[in-house]
Each structure stands twice: as C-alpha cells, then as structure tokens.
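Report on the structure given below.
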Amino acid sequence: MRPTGKLHLGNFMGALANWVKLQDKYECYFFIADWHALTTGYDDTSLIRQNTLDVLLDYLAAGLDPERSVLFLQSRVLQHAELSLLLGMITPVGWLERVPTYKDQQQNLADKDLSNYGFLGYPVLMSADILLYQPQFVPVGNDQTAHVELTREVARRFNQFYKLGGREVLPEPDVLLTPSPKLPGTDGRKMSKSYGNTIQLTDPEPDVRKKLKTMVTDPARIRRTDKGDPDKCPVGDLHKVFSTPETLAKVYDGCRSAGIGCIECKGWAADALVQILQPIQERRARYSEAQALEILEDGSNRARRRAEQTMVEVRAAMRMPMTGKSGQ
Ligand code: SF4
C-alpha cells in the first residue's frame, strides 16, 4: 500500500483482512510503497514519514504478524530500484500506456500534472516489487489483475532475453484473487480517501456513530412511515458485510415494512463496526512508534537479503559485470 494516510475500513475489507488470513498458509511479504507515493505525490513529501508510520501501525493493528510475515519499506530495499531500472530497459512504452489506471488516473487527478516519467513507469516498478521475491502468488482484488498480467508479460520478456544456465530466473506469478466486498463510504460512493467519505481504522466509537448518523440512505425512504429497501441503501450494504444474519434479517424486515427507523438501523450498523474496530484499535495501542520502526527495519533487512538473492541471479543472467558485494 502507498503511504498516503491512515487506512480505512475499505482498505481493511479489500486487502488487509485477506492478508491476515494468508499468513496461515503462505510465506508472505507485505510492504509500504513509499516510492510509489511519489509517482503522483512528487511535489509534497512532507507527510510521507508520518503516513508510513500510520500505515505500518495499521498493518500491525489489523493483525499482520512480523514474526510470520516480512513487513518492510520499499525504499529501504534498494534492489527494487535496481530491478526496476533493468526491467525498464526491456518494457515497451506502449505496454505502459495501455495500463487501464494510467489514463483513468490522469483523468481522475486532472488538477495534477501526471506527465512525469515516474508515473508512466510505475507498473515497471510494481513488476520489480513483485518479481524481486520470485513469488508464486500475488494477492489482489479484481481491479488489480491488469497489473499482475503486465508483471507476467515483463517476466516473460526478461526470460526470453536472459537465462541462467538455461533456467528462467523470474517465474511468472499467478493472481490470488481475494474477496473485496463492495464497501460504501458515508456518501454512498465507494469508500475512498479521495472522496473524504471514509471510516478509519483508528476512528473512536463516538466518531464512528457520528459518521453513520450522516450516512445517506435509500432515497425513496424520506419519511419514517415510507417503506425502504436495504438493497438500495448504503447502510444496508454495510449491514450485509458486517452484521450478523439475525441483525440483517431485522434490517430487511424492518426497512421493508417501515417497522424501524433509519436512525435505529444506523445504530445497529455502528454497533457492528465498533465490534470490528475494537480489537484492531487495541492491537494498535500495543505498539510504540519506536517498536513499530524497529519492526520495519528488521523486516527491511530480511526483505533485502531475499531480494539480493534474486538480484545475484538477475545480474548473472544478464551478464552484468559485478565485482564485490552489492546491496547494503
Ligand atoms: S432502515 Fe436501514 S436499510 Fe432501510 S433505508 Fe433506513 S438505513 Fe437504509
């Protein structure tokens, strides 16, 4: 994830909650992509440090376990830059211009000048981020599969040009599709930091309840006596993700018969959210800033050792003249 601020429930349900489960089954690497933050936010780096710390604490709070997984900072593993540069040599510009998010982002962030080389090239850096660990899988939601597909194409092209003793050095990773339920923000649009409609993992209970109170509902339900439909209501969508089957049944029944008011219904949704957030916030409180940074440093050291193993093979396959030790 890019360090652009504290994480919210959309990030949690779309990625983090899945990652936590993957730890039981796989050897996992999770990182904070601070160089990627520069691809669009190159003009103001004043918050990167604080944002990195916040994302790290949110990772730990969500349940990523530094004993089992490697949690690291991209810019502390210089091999990402080296592999990105080398892959950039073999990646046609046309491939990058065709990445769906390239044009989308330029339109969505129209007030930003995104004609910079780093933004065009970010999928190459992303390919390096992935291939450096020679992984079997990349866990992504549906909207990210194009990036993994490009990574596979880059790996294929690399392997066509360069081999090590007849062997391919960069295996093509597979997508591990992770469920990402539709999570609306308080204004009914997709929960997203850029819309300012989020419920953050760190929001205290009174804030959660206040945000829920202002949340939009089924537009057909104007008066208390009007019947509504949870399937047309963002609060209903929250219930579907977070509430128990019993509460959900009460919501459908009460909303469709006008037996409950929206205030009451939103209160139940807030109860469910608070229950999810409570253990996350308790875990977050266990880590001091110094402890978190130590975890990041330790993880970055582990990631660097793994990344360097790949780079030794990459350089050898490319017949790059290397003397002495590289990396840090
Ligand atoms: S009762 Fe609940 S689901 Fe129905 S419109 Fe109101 S907030 Fe939405």
Here is a check on your reading of the model: is ASP229 modelled with pLDDT of 95 or more and within 13 Å of the ligand (Cβ to nearest atom)? yes
Any chance you could count how many residues in the range 93-131 are touching a residue at least 60 places away in the same chain (Cβ under 8 Å) and either of a type in the set (Phe, Trp, Tyr) or touching a Lys or Arg at 6+ places or on another chain (Cβ under 8 Å) (or both)? 2
Of everything in the range 249-279, what is within 10 Å of the ligand (Cβ to nearest atom) and of a type in the set (A, V, I, L, M, F, W, C)? Give them in sequence order. VAL251, CYS255, ALA258, ILE260, CYS262, ILE263, CYS265, TRP268, ALA269
Taking interchain pairs and intrachain pairs at least six residues apart, which have beta carbon atoms under 6 angstrom, with the first residue in the range 311-327 and closer than 18 Å to LEU164 by Cα and the second at pLDDT below 90? ARG315/MET322
Identify, from the list THR186, THR178, THR145, THR202, the residue that is within 16 Å of the ligand (Cβ to nearest atom) and in contact (Cβ under 8 Å) with a residue 24 or more places away in the chain. THR186
Of these, GLU308, GLU282, which one is more than 24 Å from the chain's Cα centre (by Cα), more than 9 Å from the ligand (Cβ to nearest atom) and within 30 Å of ASP34 (Cα to Cα)? GLU308
Helices (runs of 4 or more DSSP H) wholly inside the range 13-86 containing at least 1 residues that are in contact with a helix residue (DSSP H, G or I) (Cβ under 9 Å, 6 or more places away or on another chain) and more than 19 Å from GLU289 (Cβ to Cβ): 17-22, 34-41
Looking for something surrounded by fewer than 15 Cβ atoms within 10 Å (Cβ to Cβ), touching a Phe, Trp or Tyr at 6+ places or on another chain (Cβ under 6 Å) and basic (Lys, Arg) - is there at least one such residue anywhere in the range 187-202? yes
Quick one: THR247 ticks every box in (1) part of a loop (DSSP other than H, G, I, E, B); (2) within 29 Å of ASN11 (Cα to Cα) except a single one, so which number is it? (1)
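The values are calculated or read from the model by the stated rules, or taken from the named source; none is laboratory data. No experiment lies behind these values; they were computed from the predicted model shown. Here the Cβ is made from the backbone with ideal geometry for all residues, glycine too, and neighbour counts use every protein chain on show.
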